[in-house]
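Peer 1: Starting off with a structure, shown below.
A short reminder: the numbers here are calculations on the coordinates, not readings from a lab. This structure is a prediction, so every number in the text was calculated from the model and none was measured. Please note: Cβ atoms are built from the backbone with ideal geometry, for glycine as well, and neighbour counts cover all protein chains shown.
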Amino acid sequence: MELKNRKGMMHMIEAIIAILMIMTFLLVLKSKLQPTEDTGRERAIAAQALQTLDQQGALRSYAIDENHLGLNTQAHAIVPAEFNHTIRLCYPGERCVGDALPDRNIFTASLVIAGNETYFKPAQVLLHIWR
């Protein structure tokens with residue numbers, strides 16, 4: 001009988017350890033997921049920055065030259081200092097140039113261009129911002 005009690009006790013300890021492992025996993029998973037309330041402000045800032053770059057005439061020339069670094073520099077003067085940002089340029093055939101995106105909540109605005117007055121080179125300009 002003493003052996004049966006030990007087996008029952010071992011099963012109970014195993015069950016408690018399993019429950020603790022599952023709870024630890026769920027708590028770690030939940031702590032990594034940080035929900036951010038999307039107020040639309042971030043997207044509006046990104047969209048406004050792209051529109052301003054296009055109105056200044058910088059957007060199309062940098063996109064045609066595939067110069068995401070120059071476009072990033074231009075965006076630095078427009079995007080508020082409280083945000084980090086990066087610009088990616090995507091071309092037909094799913095070819096994109098730009099920096100890798102960080103592992104955090106990112107807000108994106110995009111603008112599709114066909115080129116400029118003399119040169120046809122379609123591109124999608126993506127402005128990503130985050131805190």
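Peer 1: When Cys96, Cys90 are ordered from fewest to most other Cβ atoms inside 10 Å of their Cβ, what list results? Before the final figure, lay out the partial values.
Peer 2: Numbers: Cys96 13, Cys90 18.
Ordered from fewest to most neighbouring Cβ atoms within 10 Å, Cys96, Cys90 come out as Cys96, Cys90.
Peer 1: At a 10 angstrom cut-off on C-beta neighbours, averaged per residue, how do the peptides 97-107, 70-80 rank from highest to lowest? Intermediate values should be presented prior to the final figure.
Peer 2: Working: 97-107: 13.2, 70-80: 16.5.
Ranked from most to least packed, the peptides come out as 70-80, 97-107.
Peer 1: Now for a different question. Label Asn116 and Asn84 with points 7 Å out from Cα along Cα→Cβ: what is the distance between them in nm?
Peer 2: 3.2 nm
Peer 1: Something else now. For the chain, find the longest principal axis of its Cα atoms and tell me its angle to the long axis of helix 41-55, 0 to 90°, nearest 10.
Peer 2: With rounding to tens, the tilt is 20 degrees.
Peer 1: Calculated FRET efficiency, Thr52 and Asp99, Cβ-Cβ r, R0 22 Å, to nearest 0.05?
Peer 2: Values: r = 21 Å, r/R0 = 0.94.
Efficiency computed from Cβ-Cβ geometry: 0.60.
Peer 1: Consider the candidate values (1) 60; (2) 67; (3) 73; state which one is percent of Cα pairs over 19 Å apart computed from the structure displayed.
Peer 2: (1)
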